[in-house]
Amino acid sequence: MAIFLTGSTGYIGAHIAAILLDRHGDRLNLLVRAKTEQEANERLWQSLQLHMDFAEFREALASRISIYRGDLTDARFGLDAAEYTRLVGTTESVIHCAASLNRKSEKTCLNVNLRGTLEVAQLGRRAQDAHGLRRFSQVSTVAVAGHRSHEVVTEDTSIDWNRSDYDPYARTKKFTEHMVRELLPDVSRTVFRPSIVLGDSRRPETTQFDMVRAFVFLAGLPFLPLRSTDRIDIVPVDYVAESVVLLHQKENPAHEIYHLSSGTRAETFGQLTQALANSAGKMQPYFWPGLEHKFSAVVNWLANYRNGIGRSASLLKVFMPYLVWDTVFDNSRVVAEMGRKPEPFSKYCYPLLKFSREHNFSYPYREWQGPAAHVEEKTAAPVVHARGLRT
């Protein structure tokens, strides 16, 4: 029997897969979109190489991982009858992490988040009917809380169907939570709602740069159209992934819904800019909240350019509503379960931004080595294990 994990080639999903492989003995059923077996293997290697070397990956692929080449939005993931029957028969629990974060496209969010979750829930339904499903865990988002301002939001007060949403991503994720609850009423469920997931508190390396680009853009400005006292709820990906794995594997979690966030310990813009200024040896920027509307107009104009600044401005345009809402999400439930709080962003933000700048917002991926290269690797220079790197 195995854990069926979606989104293993994504940022959070890869961290979850790596922790399961490193600390638990479960087999993993992974859904990977690829035309050939080799393409699937290479995509998975690209997502996991931040966490392991090639020899470890090949060992896990041979002994612990079953790859199902399919598409989240296709009926039964586009698998043939025999493959789908095998997937249902071997799935003991589900961690649904895959999603579209395209906040600008209603079509993409509807297709991936709604249709995709429906297919995963139907798989869970069939596994439950066939032999029982231990747990269905769903990675959602705090954005399901909709429009907020100057609040501390708890898990049970997040969803208000009469409240407006910021974008299609938030709207569809809110409905997927409802969908899973309705389709799997007799299955033990866990819902995880991460806040802004940014960087790894243990090391500067990252493979996810969208939000980092937006922060680098802001960090380079002499003034910010923000209030220095506003809080921003940022949580490191290692805390998110470890929380998901711990609670998914736990026999009886205390709650069904968990905010994976910094909660009331979320830092203010003033604290973060001071930490960056101290680390970089630069002046802290000035805060000028009265320029928010003019700043937004400039960002919208820059977003039209097809260059690095345009890319950063385009991302900032999408994320801006989440930067000015001064809302945090109570995390007392997950802190009690984990026995520790997440590391504050100020402790690891400078190494993250420095790595991102130095590598031009891209991760230096290692290519697939193949059987011959794998043999030669034994006599080559030793590979530095990603888990051994620390900030």
Any chance you could count how many residues in region 198-232 are over 15 Å from K282 (Cβ atoms) and either in contact with a Pro (Cβ under 7 Å, 6 or more places away or on another chain) or part of a loop (DSSP other than H, G, I, E, B) (or both)?
17
Quick check on my filter: what residues within region 53-69 are in a helix (DSSP H, G or I) and small (G, A, S)?
A55, A60, A62, S63
Which residues, taken from region 30-59, are surrounded by fewer than 18 Cβ atoms within 10 Å (Cβ to Cβ) and among the aliphatic types (A, V, I, L, M)?
A34, A55
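Got a sec? Which of F361, F345 is modelled with pLDDT of 50 or more, under 22 Å from the mean Cα position of the chain (by Cα), at negative phi and open to solvent by less than 50 Å² (accessible area, probe 1.4 Å)? Explain how you work it out, then say what you get.
Values: F361 fails: at negative phi.
Exactly one residue qualifies, and that residue is F345.
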Just the residues that are more than 14 Å from L31 (Cα to Cα) and touching a helix residue (DSSP H, G or I) at 6+ places or on another chain (Cβ under 7 Å), please, taken from region 94-120.
S100, L101, N102, R103, K104, S105, E106, C109, L110, N113, L114, L118
What tally of residues in region 211-242 results from selecting those that are farther than 27 Å from L48 by Cα, buried (at least 19 other Cβ atoms within 10 Å of the Cβ) and among the aliphatic types (A, V, I, L, M)?
5
Could you list all residues from region 271-295 that are in a helix (DSSP H, G or I) and surrounded by fewer than 18 Cβ atoms within 10 Å (Cβ to Cβ)?
Q271, Q274, A277, N278, S279, A280, P289, G290, L291, E292, H293, K294
Does V112 count as modelled with pLDDT of 95 or more and either open to solvent by less than 20 Å² (accessible area, probe 1.4 Å) or within 21 Å of the chain's Cα centre (by Cα) (or both)?
no
Give me the pairs: first residue in region 196-216 and of a type in the set (A, V, I, L, M, F, W, C), second residue open to solvent by 20 Å² or more (accessible area, probe 1.4 Å), beta-carbon distance under 6 Å, and six or more apart or on different chains, which are they?
F209/F361; A214/F319
Considering (1) out of contact with any Pro (no Cβ under 6 Å at 6 or more places or on another chain); (2) in contact (Cβ under 8 Å) with a residue 60 or more places away in the chain, say which one E83 fails and leave the rest.
(2)
For region 66-77, what are the residues that are open to solvent by 50 Å² or more (accessible area, probe 1.4 Å) and farther than 12 Å from L30 by Cβ?
D74, A75, R76
Taking region 164-187 and keeping only residues that are part of a helix (DSSP H, G or I) and open to solvent by 20 Å² or more (accessible area, probe 1.4 Å), one is left with R171, F175, H178, M179, R181, E182, L183
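Any idea which residue in region 1-14 is farthest from the chain's Cα centre (by Cα), counting only those that are open to solvent by 10 Å² or more (accessible area, probe 1.4 Å) and within 23 Å of E205 (Cα to Cα)?
Pass one, region 1-14, residues open to solvent by 10 Å² or more (accessible area, probe 1.4 Å): 1, 7, 9-12.
Next, from what is left, pick out any that are within 23 Å of E205 (Cα to Cα): 7, 9-12.
Working: G7: 9, T9: 11, G10: 7, Y11: 5, I12: 4 Å.
Step by step, filter region 1-14, then rank; the result is T9.
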Step by step: first the residues of region 86-109, then only those that are modelled with pLDDT of 95 or more and not in a helix (DSSP H, G or I), then the one that is most open to solvent (accessible area, probe 1.4 Å). Which residue is that?
E92
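Only one residue in L50, L30, L20, L72 is modelled with pLDDT of 95 or more, within 18 Å of H248 (Cα to Cα) and not in a helix (DSSP H, G or I), so which one is that? Can you show your working first?
Values: L50 fails: within 18 Å of H248 (Cα to Cα); L20 fails: not in a helix (DSSP H, G or I); L72 fails: within 18 Å of H248 (Cα to Cα).
Of the residues listed, the single one that is modelled with pLDDT of 95 or more, within 18 Å of H248 (Cα to Cα) and not in a helix (DSSP H, G or I) is L30.
With in contact (Cβ under 8 Å) with a residue 40 or more places away in the chain, of a type in the set (A, V, I, L, M, F, W, C), open to solvent by less than 40 Å² (accessible area, probe 1.4 Å) and within 16 Å of F4 (Cβ to Cβ) as the only criterion, which of V139, V191 stands out? Don't jump to the end; show me each part of the working.
Numbers: V191 fails: within 16 Å of F4 (Cβ to Cβ).
None of the others qualify; the one that does is V139.
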Please identify the pairs in which a residue from region 319-340 that is under 18 Å from V245 (Cα atoms) has its Cβ atom under 6 Å from the Cβ atom of a residue that is among the aromatic types (F, W, Y), counting only partners at least 6 apart or on another chain.
R333/Y258; V334/Y258
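The values are calculated or read from the model by the stated rules, or taken from the named source; none is laboratory data. Please read these numbers as outputs of a predicted model, since none were measured by experiment. A quick note on method: Cβ atoms are made from the backbone with ideal geometry, for glycine too, and the neighbour counts reach across all protein chains shown. Note: accessible area is taken over every heavy atom of the protein model, side chains too, but ligands, DNA and RNA are not part of it. Shrake-Rupley method; radii C 1.70, N 1.55, O 1.52, S 1.80 Å.
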